[in-house]
Amino acid sequence: MSGNPTFTIKVQKAETSKIGSVDFENLPFGNVFTDHMLYCDYKNGEWGTPVIEPYAPMLMDPSSRVFHYGQAIFEGMKAYKDEKDDIWLFRPDQNFERFNKSAVRLAMPEVPEEVFIEGLRQLINIDREWVKKGKGNSLYLRPFMIATGHGVIASPSAQYRFMIIMSPAKSYYQGEVKVLIAEHFSRAANGGIGAAKAAGNYSSQFYPTKLANEQGYQQVIWTDDATHTKLEEAGTMNVFFRINDTLCTAPTSERILDGVTRKSLIDIAKRDGITVEERPVLVAELIEGMKNGSLKEIFGAGTAAVISPIEGFSYQDVYYELPKQENPVALELKEKLTSIQNKLAEDTFGWTEKI
Ligand code: COI
């Protein structure tokens, strides 16, 4: 509920729903959107009234700053429906906080909590039929903000639009994931925007990822820009390495996204007695670990993909196939996390919030 009694969202509902035409069993990730969207405009130094209206294309001035300077940020979140038809958000406070950190880094205005959180709640409630029950089903929520101000001067816009769109989701990566360890390209640099969920952090990955795809790898594991010796992120995810029975992952920094899935997995692993080390992990450790058998698993972790096990990696033109595990920690952690998210296991951490 909103803490501000004068806070309102203007709602205009769609006359008909598209839901009947959607094949929920065959959903490519992020391609189908629900009946409604939310937007809220910022101008003259203040946020206006949020509006929920039918999902539709929108008109924009071609000189809008977002088109020229990429002033754009986003979040990825999910809503889950339990067996009683209640709908739950997973740690929405974390996404809200990170969104506003990204906003500050991109010189954009912070979004009020009620616009973000109450906006999500009301939008999800209106499209609640789109949230399907059962493990593996969720509604992917995409809050984002773009610079809508007129003019191609290379300076922050004076106008912005905050929006939320929603897409029913199953899994993100299908099938095997083989990765290429970056030896030249970088995702982020010290002093840059790597820790922000900025659109540019993703578009800058497309070209190196395309080159990796051409070589038969689905994703790139990013290394530090200065030395390319430390492992940082995997594609659109944080990345974990299981060395013997220790789970290692790079510490968050101004180059690395403070992932909500990443921190939740660390908490679950620690609760269940798994040793977790947040420390720089070296490429050399992986090569050594392949030679002496200590490297057991690598997996990516993020909201969209949840956990994506990696089959093998290539470095300096040598392909290393990871050993098959009987009881992979990746799957154990995925099961525990998704059970909390889908309300199939007790949420002892207090992470889930009913809408
Ligand atoms: C997410 O996991 O929500 C992400 O941000 C990945 C996205 C690029 C699909």
For segment 177-341, with +1 on Lys and Arg beta carbons and -1 on Asp and Glu, the positive-most of P251, A301, L322 along the dipole: A301
Proxy reagent accessibility, fewest Cβ within 10 Å first, across K18, K230, K13: K13, K18, K230
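Looking at segment 1-155, what % of its DSSP beta bridges pair antiparallel, to the nearest 5?
For segment 1-155, the DSSP antiparallel bridge percentage is about 85.
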Around P5: net Lys/Arg minus Asp/Glu count, Cβ-Cβ under 13 Å: -2
Cα-projected label distance for K133 with T227, points at 7 Å along beta-carbon direction, nm: 5.3
Label zone at E83 (point 7 Å along Cα-to-Cβ), backbone N below 11 Å, segment 331-355: 344-345
Sites S253 and K43 - FRET efficiency at Förster radius 35 Å, r taken between beta-carbons, to 0.05: 0.50
Label-point gap, in nm, between V11 and T246 - each point 7 angstrom along Cα→Cβ: 5.3
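Across every pair of different alpha-carbon atoms, what Kirkwood hydrodynamic radius in Å does segment 177-341 reach? Numbers along the way, then the final one.
Numbers: mean 1/r = 0.0633 Å⁻¹.
Hydrodynamic radius (Kirkwood, Cα only) of segment 177-341 equals 15.8 Å.
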The chain - mean residue ellipticity at 222 nm from DSSP helices (-39,500 (n - 2.57) per run, n ≥ 4, rounded to 500): -6500 deg cm²/dmol
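In debye to the nearest 20, how big a dipole does segment 92-238 give about its Cα centre with +1 on each Lys and Arg Cβ and -1 on each Asp and Glu Cβ? Before the final figure, lay out the partial values.
On the way: 16 positive and 15 negative charges, 82 e Å.
With only Lys, Arg, Asp and Glu charged at Cβ, the dipole is about 400 debye.
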Local net charge near A284, Cβ-Cβ under 12 Å (Lys/Arg +1, Asp/Glu -1): 0
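Placing +1 at every Lys and Arg Cβ and -1 at every Asp and Glu Cβ, with all other atoms neutral, what dipole size does segment 236-283 have around its Cα centre, in debye to the nearest 20? Intermediate values should be presented prior to the final figure.
Working: 7 positive and 7 negative charges, 10 e Å.
Around 40 debye, computed over segment 236-283.
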Count of lysine pairs in segment 13-150 with Cα separation under 30 Å (8 or more residues apart, or interchain): 26
Max mean-square fluctuation residue, GNM over the chain, Cα-Cα springs under 10 Å, options G312, G151, G76: G151
Two-site label geometry, L211 and Y55: point separation in nm, points 7 Å out along Cα→Cβ: 3.5
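Using the 2.2 N^0.38 Å rule of thumb for compact globular proteins, work out how the chain stacks up: its C-alpha Rg over that value, please. Write down the numbers at each step before the final one.
Details: Rg = 20.8 Å, N = 355, 2.2 N^0.38 = 20.5 Å.
For the chain, the normalised Cα radius of gyration comes out at 1.01.
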Lys, Arg +1 and Asp, Glu -1 on Cβ, resulting dipole of segment 177-341 about Cα centre, debye, nearest 20: 320
Cα-based shape type of segment 252-328, given that a ≥ b ≥ c are square roots of the gyration tensor eigenvalues and the cut on a/c is 1.5: prolate
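How would E214, E311 line up from fewest to most surrounding beta-carbon atoms within 10 angstrom?
Values: E214 8, E311 15.
Fewest-to-most ranking of E214, E311: E214, E311.
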Residue order, fewest to most beta carbons within 10 Å, for Y80, Y320, Y207, Y140: Y207, Y320, Y140, Y80
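Given R₀ = 41 Å, FRET efficiency for I19-K101 by Cβ-Cβ distance, to 0.05? Mind dumping the intermediate values first?
Details: r = 35 Å, r/R0 = 0.85.
The pair I19/K101 has a calculated efficiency of 0.75.
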Cα-based Lys proximity count in segment 213-352, under 24 Å, for pairs eight or more positions apart or on separate chains: 20
Between segment 66-87 and segment 277-355, the alpha-carbon center distance in angstrom: 23
Relative intensity, log₁₀ I(q)/I(0), of segment 10-171 from a Debye sum that treats every alpha carbon as a point, q = 0.10, 0.15, 0.17 Å⁻¹: -0.38, -0.83, -1.03
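Read-outs: derived from the displayed coordinates by stated rules, not from any lab. Every value quoted in this text rests on a predicted model; they were computed, and no experiment measured them. We place every Cβ from the backbone using ideal geometry, glycine too, and count neighbours over all the protein chains shown.
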